[in-house]
1. Just to be sure before I move on: is L80 closer than 26 Å to P180 by Cβ and either crowded, with 19+ Cβ neighbours inside 10 Å or modelled with pLDDT under 95 (or both) in the structure I sent?
2. Which residues, counting only those in the stretch 110-134, are more than 21 Å from G34 (Cβ to Cβ) and aliphatic (A, V, I, L, M)?
3. When you scan the stretch 31-145 for helices (runs of 4 or more DSSP H) that lie fully inside it, which ones turn up with 2 or more residues that are without any contact (Cβ under 8 Å) to a residue 40 or more places away in the chain and not polar (S, T, N, Q)?
4. Go through (1) touching a helix residue (DSSP H, G or I) at 6+ places or on another chain (Cβ under 6 Å); (2) surrounded by 20 or more Cβ atoms within 10 Å (Cβ to Cβ) for P154 and report which single condition fails.
5. Would you check if A174 is more than 16 Å from G79 (Cβ to Cβ), among the hydrophobic types (A, V, I, L, M, F, W, C) and either at pLDDT below 95 or buried (at least 19 other Cβ atoms within 10 Å of the Cβ) (or both)?
6. Considering each residue of the stretch 124-148, count those that are touching a Ser or Thr at 6+ places or on another chain (Cβ under 8 Å) and not polar (S, T, N, Q), and give that number.
7. Pull out all pairs, ordered by first then second residue, where Cβ-Cβ is under 8 Å, the residues are six or more apart or on different chains, the first lies in the stretch 159-185 and is in contact (Cβ under 8 Å) with a residue 40 or more places away in the chain, and the second is surrounded by 15 or more Cβ atoms within 10 Å (Cβ to Cβ) and hydroxyl-bearing (S, T, Y).
Amino acid sequence: MGVAGVLLAAGNGSRLGQPKATVELAGSTLAERGIALLRDGGADPVIVVTGAIPVEIPGVIAVHNPDWESGMGSSLATGLRALGSGDAEAVVIALADQPLVGAAAAVRLIAAFRSGATVAVAAYDGKPRNPVLIARQHWPAVIELATGDTGARPFLRAHPELITLVECGDTGSADDVDTPEDLARVRREATARSKESS
């Protein structure tokens, strides 16, 4: 039961002032951190969906979304279509702008899938966030509903009965990096975490 990974890294970071994929945090870019989260969490292959700028990471398939300016929905659809011809039975979808999500979150989502869940959503203190795992049978419906800047949310809202919430609050944080203030806060958190683990 192969599980692929898709990292959405197409935005231009208009509120941040630079594309999020290339922002450095603790010695690696947000795109590299997102790829590591998926790979270390057990996803293979891993695809990065690009848009505003090219993202090249060794061993990762980069897929360009020509409609990236329309929002995250088109990037999600681009990533799922790119996996369509492969044999992955599910996909873990992560966002480049949530760099404190830990690989353990992906591990838990994949474990939930292997236990029978077809949609698994990482939760932090009970609140659903990212990453999200979606089994292949749901991809066409996700693509159909993925518009604007909402990604998988319309599909998840339409099918609450499918969702298995997987608590990941002890594995990391789903804080977004949307503004320079967010980035400064996340940098402080990342530094604190690396001191705790060393």
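The values are calculated or read from the model by the stated rules, or taken from the named source; none is laboratory data. Note that the coordinates shown come from a computational prediction; the quantities given were computed from them, not determined experimentally. A quick note on method: Cβ atoms are made from the backbone with ideal geometry, for glycine too, and the neighbour counts reach across all protein chains shown.
1. Working: closer than 26 Å to P180 by Cβ: no; either crowded, with 19+ Cβ neighbours inside 10 Å or modelled with pLDDT under 95 (or both): yes.
No: the conditions fail for L80.
2. Quick first cut of the stretch 110-134, residues more than 21 Å from G34 (Cβ to Cβ) only: 114-118, 125-126.
Correct list: A117 only.
3. On the way: elements: 72-83, 103-114, 139-145.
Ranges flagged: 139-145.
4. Evaluating P154 over (1) touching a helix residue (DSSP H, G or I) at 6+ places or on another chain (Cβ under 6 Å); (2) surrounded by 20 or more Cβ atoms within 10 Å (Cβ to Cβ) leaves (2) as the failure.
5. On the way: more than 16 Å from G79 (Cβ to Cβ): yes; among the hydrophobic types (A, V, I, L, M, F, W, C): yes; either at pLDDT below 95 or buried (at least 19 other Cβ atoms within 10 Å of the Cβ) (or both): yes.
Taking the combined requirement at face value, the residue satisfies it.
6. Looking only at that region, the number is 6.
7. So the pair list comes out as L162/T118; E167/Y124; C168/Y124; G169/Y124; S173/Y124; A174/Y124.
For every residue, the table says whether it meets (1) crowded, with 22+ Cβ neighbours inside 10 Å; (2) in contact with a Pro (Cβ under 7 Å, 6 or more places away or on another chain); (3) modelled with pLDDT of 95 or more; (4) over 13 Å from E89 (Cα atoms).
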| residue | (1), (2), (3), (4) |
| --- | --- |
| A112 | no, no, yes, yes |
| G116 | no, no, yes, no |
| V121 | yes, yes, yes, yes |
| D125 | no, no, no, yes |
| R129 | no, no, no, yes |
| V132 | yes, no, yes, yes |
| A135 | no, no, yes, no |
| E144 | no, no, no, yes |
| G148 | no, no, no, yes |
